[in-house]
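Notes follow the structure.
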Amino acid sequence: MTHTLLVLSLMIANRSSAVAADRILIGEVGSLTGAEATFGDSTRKGIDLAITDINAKGGVKGKKLEVKVYDDQGKPEEAATAMTRLIAQDKVTLVLGEVASSRSLAMAPIAERNKIPMITPSSTNPRVTKDGKKVRDFVFRVCFIDPFQGTVMAKFTRKNLKLSKVAILRDVGNDYSMGLADYFTAKFKELGGTIVADESYKAGDQDFKAQLTSLKGKKPEAVFIPGYYTDVALIARQARELNMKQPLLGGDGWESAKLYEIGGSALDNSYFSNHYSTDDPNPKIQNFVKRYKNTYGEVPDSMSALAYDAAMIAAEAMTKAKDLSGEAIRQILASTKGFKGVTGIINIDQDHNAVKPAVVLRIQDKKPHYVTTISP
Amino acid sequence: MKSVIKTEPVLEGKEVTMQFGGLKAVSHFNLVMRPNELVGMIGPNGAGKTTVFNMITGVYTPTSGEIFLDGKPIHGLKPHRICHQGIARTFQNIRLFKELTALDNVRIACHTHSSSQWWQALLLTSGHFAEETRITRHAEEFLNVLGLSHRRDHLAKNLPYGEQRRLEIARALATQPKLLCLDEPAAGMNTSEKVALMELIRKIRDDFDLTILLIEHDMRLVMGVSERLLVLDHGVTISEGTPEMVRRDPKVIEAYLGLEEAVK
Amino acid sequence: MKLLKNFLPFLIGIPILWGIQLISPPHIAIILVNVGVNIILAVSLNVVNGFTGQFSIGHAGFMAAGAYTTAKITLALQDTLLPGLSPWLSTQTIFLMALVAGMLLSGTMGLLVGMPSLRLRGDYLAIVTLGFNEIIRVFIENIRWLGGATGLSGVPPYTTLVWVGLGAIATISMARRLVSSTHGRALLAIREDEIAAEAMGVNTTKYKIRAFVISSAFAGLGGGLLGHYILLVTPKTFTFIKSMEVVGMVVLGGMGSISGSIISATLLTVLLEGLRGLDQYRMVMYALLLVILMLTRPTGLFGTHEIWDVLSRYFPKRKAVQKA
Amino acid sequence: MSEFLQHLVNGISLGTIYALIALGYTMVYGVLKLINFAHGDVYMVGAFGGFYLAHLLGVNDSPSLPKTLVVFVGSMLICGTLGFLIERLAYRPLRYRPRLTALITAIGISFLLEFGFQLPRWSFMPFDFPPGPTPRFFPELFPRTIWFNIGEVSISNYDALALGVAILFMVGLEFIIYRTKFGVAMRAVSFDPNIAGLMGIPVDRIISGTFILGSVLASVAALLVSISRPRIDPIMGLMPGLKAFVAAVFGGIGNVPGAMVGGLILGLSEEFVAGYMLSSFRDAIAFAILILVLLFRPEGLFGRITTEKV
């Protein structure tokens, strides 16, 4: 029985392609299907665009980059299998992914064990790069971590908006949302504000009015909703339908053209933190947005921008590294300073987190507008 | 006969009533069965015969009244408890374990008297093996008694109709009952099969020292085999006694025989 | 002698599994681990759905109970050395005890869920088991001590191919021994005809609960093993989708067929992995194949039969044909 | 007080969604005794059908009543056809097999639709199909207006329309089932398809008809929900489908008014749990209530006890 099994699996394994000499294979694990497919989709588009750009400029060390993508259906155990297969069978040089921390956490130990660098574009949980007290040598990220973004919004709300009573509506099944909400709460209280209510929802819900109605009863001056745009747009609509006129606050999970399309005018006078502003005149950003629009016919969301940067940082590290060994690339990645990405100037700190300023944007007339920049 | 009457009753039903909503399926039913008796229960369709069976075997809990087995109350007990107390039955609409072999059907019934624990089966203790061997041998004996040895490894659903009926009896016997309730065991058989079956039933009663309660549609058959008859109509016992007495009872003729004769 | 027979499958299994573990590259090993865990899940669910004929679709909830218990224990005892044992032996012992504890807790959950709900039948039982699956998951998501939505990360890497293989052997042995014993036959009787089983002295309620408890305990084993391989235990792994996948394996293999469950668990896992290169089309293909397989083999690959029965029937027949 | 009233209105509005989907669920179950797991996905297809039609007609730029009607009818046609095909291809061949078998094909079909709609766009398609995983904005077929206010609580035309349609459907279904020839045939098939066949009832046609009817109900439910909650995506049917099934079981599966009441109770209990107790336990408590009801009334609120004849 077990022998048959082994033969079967070896048959699968033998389809693997040997890496040709004139190209470098990098891996990507993403949720291309399943409940979080939309994020995997954006990430993939961002990475593909970056690879096209890199190869147009001659690739890395004179070789073209090629991406091997595996779907994980949004399941951690699938992410682990995909990661293992990329490293052991496809022999990739480096892995990009995953969007969600719960899946990156399943992949990180495998990267560590096999000494293959892994860059996650948008996993914000601190534990992804730092397991307990020990920093994972081969795991990096290009996004904010939960403590930073939660703190930024708390500071902004308390100091810039001068609000003191805020309610929270968090996605209970999503570690990103939980992390942001927790750090926001801590910082906001520290700054002398009060959290008047803390309710939760579940991603994919159709109806949020129950929670919103009880939040409304507590009369908050603003509502912090650290979720993804897929739900936030509906939440905003339903809040306005309940005659709640407070500003809504959020994080980089909001950034998407779909937010404005679905949410419409309900989002007016809301604020969220992000890596960049699409109306920033910086040519790097404008160029990215334009090319993304031309290629995919839609405005990039924060996932695609982060994915683009992750691929770009990876390419730069591979170019600078003395050879393509995991260790060499890792060292360059760990010492990244002042990388000019779409999502800001990225420095990698000793915990392998990206340190970069956050911008706060205000939504008006279905468009985000730059308000301020908050440095770490 | 005389010696039989002196002994304590095996089964005793006192004023047993079963009501479904507004319908009284059986009312004030009384029954006393002595050891080794073979009692037949007859009555037209819907007379409440099977309901009586269901109450005795615990499928239904009587709305009121009491049922005793060897002097101990059994009404309201779950069917498996009643089975453990010593009542086994067959079903009017054969209820074999269709996808299992004849042997397994009987072995399941032997489970009642198995002393092995489930963890013994998982840990393969020697007690478990001894028990399995004992059960298998036991089951084979019952198959043999009912003439089904050649069907040992056939699936129950593949047996011919008559053999399915016999397998049900073998299965019921394997629980080692004091009282055996047979619900139309000869239904669907031809005359010679029926006669053979009735012979078999009598033989089983003698060999296994059983008391048997029998529901049967075929009047001639049930009169031939039973020592005592009970006639039910609309849930009420309308007559009771030896086959001869019942046959002559005008109420029976009116309610049941009369109808049948008239049709003929 | 008795002891030998008891442990024979394990004694034969260990060197073979060890060998496989030595020669398997990691990407094969992880597939084999997935196969093994799915075999554990499918065979254990078959005890309830196939043998006993009760329709449970909440297996993932019990997986979660086992996975979290096991992980909590190994995380707590990660740096503990049992006195008098070498470090290797000490961690293996701790892992074994943690797995057993996980099985006990998931078995207890099975008891708590089974006692009230097994009075229900068919679709009602299905919806209640599914409901409990979701309740267990929601509770875990809300408990900070269990890591909330992120779950427990940094779980020690104790699960090896040998462990999973032994777990699968234990599950298969359990199912085979159960079904060939008088207790297992009582379960089959319930599946075939609950009223007749009851009339033949089978305490159907007790047996249904017992089957449910055993099945849940082994689901917990599967969860514990999986968690210590991907080194992460999160609520996202234990959704009702996971439960449905296991039900799919059981039905495709044939309700009540142990070998059917083994083969369909293997087939579906390997198939899903083999299709990985197809990107988004992978799940579409998987769904299509599932429908086609079900339409062409409506009673599952083996029906209620076992591969050993099918083979023994096949060979004599061929001889007969040759004679003719 | 106004908060309680608001919760009540929200709960009924949410319950109406469940009820609308549950009605189709319960219909199919009543006749076939099959948990049509793909029902939620037919609902999703209904929403996307409406989405594409609305874009084709340019509803976004100039909404009008005739266009709205075309969207509704078109989406109903699409779902009816889909329901017919699903039954014909995936369920009919398994009709006399164990019910679990058909359940697995139902799951297969459900996966097929969900993952199929998540595929990237096919280049040969003249319009944006498959839509891919990104959520879409469902165009406003007609604007939301407030019908009347009770204190701070307002009731919109969306909510009123959904509830009105749900009640209309319930009454309509009851009429079809108990007052028409088709309904008599449906009940006969539900009782025993074999005997119904012997009595000269075209069993296949009746079952096809039931499936088409159930799927059409799903599409109307999808459109009504999408108008008021304008975010649609390929897996939008998963949770509502599951909840609707819960609602149907709750009310006594196979029973039409039961599905309606079950949906409303589920919606209200979720609303009040989320509003007054712990919103993070919303789903758990909804399921817990269901389980409690089933333990005390195993046949659901309006279901009939089926006893097996011994």
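Which condition number in (1) outside any helix (DSSP H, G or I); (2) more than 17 Å from D:Gly15 (Cα to Cα); (3) without any contact (Cβ under 8 Å) to a residue 60 or more places away in the chain is the one that D:Ile235 fails?
The number of the failed condition is (3).
Would you check if C:Ser181 is crowded, with 24+ Cβ neighbours inside 10 Å, farther than 20 Å from C:Ala101 by Cα and small (Gly, Ala, Ser)?
The answer is yes for C:Ser181.
What's the number of the condition A:Val19 fails, among (1) modelled with pLDDT of 90 or more; (2) surrounded by fewer than 24 Cβ atoms within 10 Å (Cβ to Cβ); (3) away from every other protein chain (no Cβ under 13 Å); (4) over 18 Å from the mean Cα position of the chain (by Cα)?
(1)
Yes or no: C:Val128 part of a helix (DSSP H, G or I) and farther than 25 Å from D:Gly252 by Cα?
In short, no.
Give me a count of the residues in the range C:266-290 that are open to solvent by less than 40 Å² (accessible area, probe 1.4 Å) and away from chain D (no Cβ under 11 Å).
The number of residues fulfilling the criteria is 9.
Test A:Gln211 against the criterion of being modelled with pLDDT of 90 or more, closer than 16 Å to D:Phe137 by Cα and open to solvent by less than 20 Å² (accessible area, probe 1.4 Å), and give yes or no.
no
Any chance you could count how many residues in the range C:238-258 are among the β-branched types (Val, Ile, Thr) and outside any helix (DSSP H, G or I)?
So the count comes out to 1.
Which count do you get for residues in the range B:57-76 that are more than 12 Å from chain D (Cβ to nearest Cβ) and of a type in the set (Val, Ile, Thr)?
Of the residues in that region, 4 qualify.
Look at the range D:9-29 and say how many of its residues are more than 10 Å from chain A (Cβ to nearest Cβ) and surrounded by fewer than 23 Cβ atoms within 10 Å (Cβ to Cβ).
1
Suppose we keep only residues that are within 10 Å of chain D (Cβ to nearest Cβ) and either acidic (Asp, Glu) or buried (at least 24 other Cβ atoms within 10 Å of the Cβ) (or both) within the range A:235-257. Which one would you say is nearest to A:Val371 (Cα to Cα)?
Result: A:Ser256.
Name the pairs whose Cβ atoms lie under 8 Å apart, with the first residue in the range C:291-304 and more than 9 Å from every other protein chain (Cβ to nearest Cβ), the second at pLDDT below 85 and surrounded by fewer than 20 Cβ atoms within 10 Å (Cβ to Cβ), and 6 or more positions between them or separate chains?
Cβ pairs passing all conditions: C:Phe302/C:Val310.
Applying the selection to the range D:162-177, what residues are open to solvent by 30 Å² or more (accessible area, probe 1.4 Å) and among the β-branched types (Val, Ile, Thr)?
Matches in the range D:162-177: D:Ile167, D:Val171, D:Ile176.
Applying the selection to the range D:178-189, what residues are outside any helix (DSSP H, G or I) and surrounded by 14 or more Cβ atoms within 10 Å (Cβ to Cβ)?
none
Within the range B:34-78, take every residue that is within 27 Å of B:Arg220 (Cα to Cα) and in a strand (DSSP E or B) and give me the one that is farthest from the chain's Cα centre (by Cα).
B:Ile42
Each row is one residue, and each column tells you yes or no for (1) part of a loop (DSSP other than H, G, I, E, B); (2) among the polar types (S, T, N, Q); (3) at pLDDT 85 or above.
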position: D:Leu53; (1), (2), (3): no, no, yes
position: D:Ser62; (1), (2), (3): yes, yes, no
position: D:Pro66; (1), (2), (3): no, no, yes
position: D:Cys79; (1), (2), (3): no, no, yes
position: D:Gly83; (1), (2), (3): no, no, yes
position: D:Glu87; (1), (2), (3): no, no, yes
position: D:Pro93; (1), (2), (3): no, no, yes
position: D:Asn149; (1), (2), (3): no, yes, no
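What pairs come up if the first residue lies in the range A:197-208 and is in contact (Cβ under 8 Å) with a residue 40 or more places away in the chain, the second is surrounded by fewer than 24 Cβ atoms within 10 Å (Cβ to Cβ), and their beta carbons are under 6 Å apart, counting only those six or more places apart or on different chains?
Between residues of the range A:197-208 that are in contact (Cβ under 8 Å) with a residue 40 or more places away in the chain and residues that are surrounded by fewer than 24 Cβ atoms within 10 Å (Cβ to Cβ), the close pairs are A:Gly204/D:Met239.
Just to be sure, is A:Tyr228 buried (at least 24 other Cβ atoms within 10 Å of the Cβ), within 8 Å of chain D (Cβ to nearest Cβ) and among the aromatic types (Phe, Trp, Tyr)?
Judged against the criteria, A:Tyr228 is not a match.
Taking the stated definitions as given, is C:Ile172 of a type in the set (Val, Ile, Thr), assigned to a helix (DSSP H, G or I) and more than 11 Å from every other protein chain (Cβ to nearest Cβ)?
Criteria not met by C:Ile172.
Only one residue in A:Ala315, A:Ala311, A:Ala321 is surrounded by 15 or more Cβ atoms within 10 Å (Cβ to Cβ), free of Cβ contacts under 8 Å to residues at least 60 places away in the same chain and of a type in the set (Gly, Ala, Ser). Which one?
A:Ala321
Just a yes or no: is a residue in the range C:37-52 more than 9 Å from chain A (Cβ to nearest Cβ), at pLDDT 95 or above, surrounded by 24 or more Cβ atoms within 10 Å (Cβ to Cβ) and over 30 Å from C:Ala197 (Cα atoms)?
yes
Considering only residues of the range B:79-108 that are within 8 Å of chain C (Cβ to nearest Cβ) and more than 18 Å from the chain's Cα centre (by Cα), which is least open to solvent (accessible area, probe 1.4 Å)?
Among those residues, the one meeting the criterion is B:Leu100.
If a residue must be more than 11 Å from chain C (Cβ to nearest Cβ) and out of contact with any Ser or Thr (no Cβ under 9 Å at 6 or more places or on another chain), how many such residues does the range A:96-121 contain?
2
Under 7 Å between Cβ atoms, at least 6 apart or on separate chains: pull out the pairs that start in the range D:86-111 with a residue that is at the interface with chain C (Cβ under 7 Å from one of its Cβ atoms) and open to solvent by less than 10 Å² (accessible area, probe 1.4 Å) and end on any residue that is of a type in the set (D, E, K, R) and outside any helix (DSSP H, G or I).
none
Among the residues that make up the range A:136-154, is at least one of them more than 21 Å from A:Ile348 (Cβ to Cβ), touching a residue at least 24 places away in the same chain (Cβ under 8 Å) and touching a strand residue (DSSP E or B) at 6+ places or on another chain (Cβ under 9 Å)?
For the range A:136-154, residues more than 21 Å from A:Ile348 (Cβ to Cβ), touching a residue at least 24 places away in the same chain (Cβ under 8 Å) and touching a strand residue (DSSP E or B) at 6+ places or on another chain (Cβ under 9 Å): present.
Scan the range B:121-155 for residues that are facing chain C (nearest Cβ under 9 Å) and open to solvent by less than 40 Å² (accessible area, probe 1.4 Å) and jot them down.
B:Ala121, B:Leu122, B:Leu124, B:Thr125, B:His128, B:Glu131, B:Glu132, B:Ile135
What number of residues within the range C:148-158 are open to solvent by 10 Å² or more (accessible area, probe 1.4 Å) and more than 9 Å from every other protein chain (Cβ to nearest Cβ)?
2
Does C:Ile263 count as part of a helix (DSSP H, G or I), of a type in the set (Val, Ile, Thr) and more than 11 Å from chain D (Cβ to nearest Cβ)?
Taking the combined requirement at face value, the residue satisfies it.
Tell me, yes or no, whether the range C:219-237 has at least one residue that is open to solvent by 10 Å² or more (accessible area, probe 1.4 Å), farther than 20 Å from C:Met115 by Cα, outside any helix (DSSP H, G or I) and at the interface with another protein chain (Cβ under 8 Å from one of its Cβ atoms).
Scanning the range C:219-237, I find at least one residue that is open to solvent by 10 Å² or more (accessible area, probe 1.4 Å), farther than 20 Å from C:Met115 by Cα, outside any helix (DSSP H, G or I) and at the interface with another protein chain (Cβ under 8 Å from one of its Cβ atoms), so the answer is yes.
The values are calculated or read from the model by the stated rules, or taken from the named source; none is laboratory data. None of these values were measured; they are calculated from a predicted model. Neighbour counts are summed over all protein chains in view; Cβ atoms, including those assigned to glycine, are modelled from backbone coordinates with ideal geometry. These area figures cover heavy atoms from the full protein model, side chains too; ligands, DNA and RNA do not enter into them. Shrake-Rupley method; radii C 1.70, N 1.55, O 1.52, S 1.80 Å.
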